[in-house]
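One structure is given below, encoded as structure tokens.
The values are calculated or read from the model by the stated rules, or taken from the named source; none is laboratory data. In this text, all values refer to a predicted model and were calculated from it rather than measured experimentally. Glycine gets a Cβ as well: all are built from the backbone with ideal geometry, and neighbour counts include every protein chain shown.
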Amino acid sequence: MEHALRRFSLAALGFACVLCASGSPASAEPGAQPDQSRLAAVLACQPGAACAQSLPVKVVIVTMFEIGKDSGDAPGEFQLWKERRQLDTRIAFPQSHHDLFYNPQTGVLGMVTGMGSIRSATATLALGLDPRFDVSHAYWLVAGIAGIDPHRASIGSTAWAHYLVDGDLAHEIDPREIPKDWKYGYFPLHRKGPNDPTPADPAINGEMFELNPKLADWAYTLTSDMVLPDDPAIARERARFTGFPLAQRAPFVLKGDQLAAMTFWHGARMTAWATDWVKFWTRGKGQFVTSAMEETGTMQALEYLSAAGRADRNRVMVLRAGSNYTMPPPGIAAADYLLRENEGYAGMHSALENLYRVGSRVIDQLLAHWDRYAETPPQ
């Protein structure tokens, strides 16, 4: 571990020295459209090396995975964005999971981080430190599928997050060995058990991040009236959730917080844990709605980039759409439902479509009024 950290530190110092030696890369006014010579100059730069020019970025679309090709086949999280927003300029990005795609006319950049908080954090940090891009005024839209709590919403619904909570940093013992007065065998670090009432301090290890609430509320208000497409397949799946009125609704836009954990968990008991975990780390202010794997990694990287003046953590938005429920419908065992969903999420197609539609309304508004939002985030 110590040797690995030393190698990482030396590599980081070496990269920093490259930037120091060359000075800050030249960039136009925030988000100004690059001319062809600037674009060509940046494309000629070697990834990770000094670059005399930089591309202005207005919006970074952060997705986590793609299925097969980037266009023309079954879509993952990235494909609709690439095809419909003309992200046609491919930019090599070997220091991460996937190449980047850029639209020089709009200043929108699309990335695929890879799944899990390790990949999302390193990809985001790599982009923010890359001298080929000026993301100092960029808005970051994390747009991905998620498990969704049937107590709160239906598959296909999209949720704007205010709080991002980490579900991995913890103590754990096997549930078969927990004391009788413990609800879970899983409890926060620096606590004496799940019943310890000590107030949460998320600043210790990054267990919770609060997004810019005014920006999150603005995005929700802008999109809350949208009528999202429905289809018979997800309608049939929703109908199975008797006793869960919000799970039976057609897809809709809501506000709801996100729990990021590297384990794909499932079931009523795990959903109860997620609800309690989000409530604990937000001190009762947050409400669990969606489960995924990446957000706290992405946000931690953006916190560091913001402190270094390379990005602005107050320009981050997280939009997740329910591709599957976090627990089974009444009468179905958790294991059976999980294994069936692993063969293909019931709400996958709807979730991808609605992510694009809802997220695009926000992006279009930012671009249309860039003269206003380049310097000051909307409220």
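Figures for the structure shown
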| read-out | value |
| --- | --- |
| Hits in the range 338-357 (condition: among the aromatic types (Phe, Trp, Tyr) and modelled with pLDDT under 95) | TYR345 |
| Subset of the range 248-270 [under 20 Å from the mean Cα position of the chain (by Cα) and among the polar types (S, T, N, Q)] | GLN258, THR263 |
| Subset of the range 166-197 (residues that are in contact with a His (Cβ under 8 Å, 6 or more places away or on another chain) and either within 19 Å of ALA268 (Cα to Cα) or not hydrophobic (A, V, I, L, M, F, W, C) (or both)) | TYR186, PHE187, PRO188, ARG191 |
| Filter pass, MET115 being in the same structural domain as MET293 (by TED's automatic domain parsing), among the aliphatic types (A, V, I, L, M) and part of a strand (DSSP E or B) | no |
| Where a residue in the range 101-114 is in contact (Cβ under 8 Å) with a residue 12 or more places away in the chain and farther than 16 Å from GLN79 by Cβ and its partner, wherever it lies, is charged (D, E, K, R) and in a loop (DSSP other than H, G, I, E, B), with Cβ under 6 Å and at least six apart | GLY107/LYS58 |
| Members of the range 135-164 found to be over 14 Å from the mean Cα position of the chain (by Cα) and buried (at least 24 other Cβ atoms within 10 Å of the Cβ), listed by number | VAL135, ALA138, ILE148, ASP149, PRO150, ALA153, SER154, ILE155, GLY156, SER157 |
| Residue in the range 366-379 that is in contact with a Lys or Arg (Cβ under 7 Å, 6 or more places away or on another chain) and of a type in the set (S, T, N, Q) present | yes |
| Conditions (1) surrounded by 15 or more Cβ atoms within 10 Å (Cβ to Cβ); (2) assigned to a loop (DSSP other than H, G, I, E, B); number of the one not met by ASP73 | (1) |
